[in-house]
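Q: Before I ask anything, here is the structure I am working with.
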Amino acid sequence: MAFFADIMGTLFERRPGKAAVPSRAPIAALCDGLLSAQGEVSGMRLARDILQRYRAMAPEEKRGFFEHLAEALDVDSARVIAAAERYAAKRDAASYGELSREAEPRRQELLRRLNQAPGGTEDLVRMRLDLLQMDASPALQRIDLDFAHLFGSWFNRGFLVLRHIDWRTPANILEKIIEYEAVHAINDWDDLQRRLRPSDRRCFAFFHPAMPEEPLIFVEVALCAGIPGSVQRLLAEGRDPVPDAEIDTAVFYSISNCQEGLRGISFGNSLIKQVVDELRRDLPQVKTFVTLSPVPGLSGHLKAIAQDRPEAAALLAAAAKGDPEALGPHLAALKSLTAEFLLTAKRPDGMPADPVARFHLGNGALLHDVHALADTSANGLRQSCSAMVNYLYDLAKVERNNENFVTGKTVAAAKSVQALLPQGVSTGKKS
């Protein structure tokens, strides 16, 4: 009977000139209706109405919606405990199934059903972004765990599609590449063209089938002769492309996450691995895979130690002038302090303080070199006094480096980088 009602509802909605009228029921009632809906069509209609209603809400109304999910659709602790006791006693499939059902909050099933609506996945990603931008109460933190749990399944590597982005890519996608670039700003279409059209440039992005026009993450690649130490030279206007016969190095110089609503869902590791495979297949002469990476935490670290380290204070003062030439007398100190920061500065959990370092070291890369005057843009001077670094992806050592980093928090670094440490400073680890 429910199936017949769904079919009739679909036919009614699709009659010419008869647009579907969104329900005016309270959104909490719509959510209860969606959770109890038996038919796919009625569920899709309710999901669409809920998401449409949510999009029109003011910020405080959205917060009230999340608080309703947190309290009214939470787990029943007493039922979970009882189910756990039955499972502990029986250890059979039935008691395990009961425990699994009771341990999952009803709001997770609500989010799954909301995903039935056309464009539902993208709406839910934006919904989580709204959640992340709110002051995080314990209730909202619980909901965020539900989003992260579901997104971890929906956006796993098996569902992602790698696409080569070039000058022939549709304009709406290229506009988003400009918008989402988070490392080295793309100033205009001419700037984008310099990154995509030359024969020694590549760009790759991951997409999800449910969000085909929204890149999730993308990486920009420069094909070079040797390892570069300056992003300005890498992106210089009017430069000549490197001839194919001279290319031996692929440089990942910008990796940008595009969807803040997917924060904490890791794509970068898979992206780099697949891009390396693509490049090795198409360009077998390329043997070296490195990054040219920013050091976004450096200036903050230098400010924290400036009172006790005169060289750090002098370096910050020179960078504040906004003139790269002012850094001339401080380049040795800059390289030394950068190496010290990346090799020794830690979070309370023992991981490196710098987020870019955590990403690449966690992927099995090695800290290969430190460069001064590598990013002389206003942003580069502000965040790292112009320093950038190379992380080397030595394919024969990636797994070992990753294991050492995860198990022992060991920072794999070239001897030349370790030699930059100030006298008396030690990493405490052998790399």
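Q: Residues in the range 171-189 that are surrounded by fewer than 17 Cβ atoms within 10 Å (Cβ to Cβ) and free of Cβ contacts under 8 Å to residues at least 40 places away in the same chain: how many?
A: The total comes to 7.
Q: Somewhere in the range 281-295, is a residue within 21 Å of ARG163 (Cα to Cα), free of Cβ contacts under 8 Å to residues at least 60 places away in the same chain and within 27 Å of the chain's Cα centre (by Cα)?
A: Among the residues of the range 281-295, at least one is within 21 Å of ARG163 (Cα to Cα), free of Cβ contacts under 8 Å to residues at least 60 places away in the same chain and within 27 Å of the chain's Cα centre (by Cα), which makes the answer yes.
Q: Please indicate, with yes or no, whether at least one residue in the range 366-377 is in a helix (DSSP H, G or I), surrounded by 21 or more Cβ atoms within 10 Å (Cβ to Cβ) and modelled with pLDDT of 95 or more.
A: no
Q: Testing GLU311 on (1) modelled with pLDDT of 95 or more; (2) touching an Asp or Glu at 6+ places or on another chain (Cβ under 6 Å); (3) not polar (S, T, N, Q), one condition comes back false. Which one is that?
A: (2)
Q: Let me ask something additional. Kindly evaluate GLN116 against the criterion of being more than 23 Å from SER270 (Cα to Cα), open to solvent by 40 Å² or more (accessible area, probe 1.4 Å) and either among the β-branched types (Val, Ile, Thr) or at pLDDT below 95 (or both). Show your work before the answer.
A: Details: more than 23 Å from SER270 (Cα to Cα): yes; open to solvent by 40 Å² or more (accessible area, probe 1.4 Å): yes; either among the β-branched types (Val, Ile, Thr) or at pLDDT below 95 (or both): yes.
Here the answer is yes, as GLN116 does meet what is asked.
Q: Limited to the range 95-139, what total is found for residues that are within 25 Å of the chain's Cα centre (by Cα), among the charged types (D, E, K, R) and over 22 Å from ILE27 (Cα atoms)?
A: So the answer is 1.
Q: Oh, and also: Among the residues in the range 313-327, are any open to solvent by less than 60 Å² (accessible area, probe 1.4 Å), closer than 25 Å to GLY226 by Cα and either of a type in the set (A, V, I, L, M) or touching a Lys or Arg at 6+ places or on another chain (Cβ under 9 Å) (or both)?
A: No: zero hits.
Q: Now a separate question. Given the condition touching a residue at least 12 places away in the same chain (Cβ under 8 Å), more than 22 Å from the chain's Cα centre (by Cα), assigned to a loop (DSSP other than H, G, I, E, B) and within 26 Å of HIS360 (Cα to Cα), answer yes or no: does some residue in the range 202-223 qualify?
A: No.
The values are calculated or read from the model by the stated rules, or taken from the named source; none is laboratory data. Quick caveat: nothing in here was measured; it's all calculated off a predicted structure. Every residue, glycine as well, gets a Cβ built from its backbone with ideal geometry; the counts of neighbours run over all protein chains shown. In case anyone asks, the SASA skips ligands and DNA or RNA and just uses the protein heavy atoms, side chains included. Shrake-Rupley method; radii C 1.70, N 1.55, O 1.52, S 1.80 Å.
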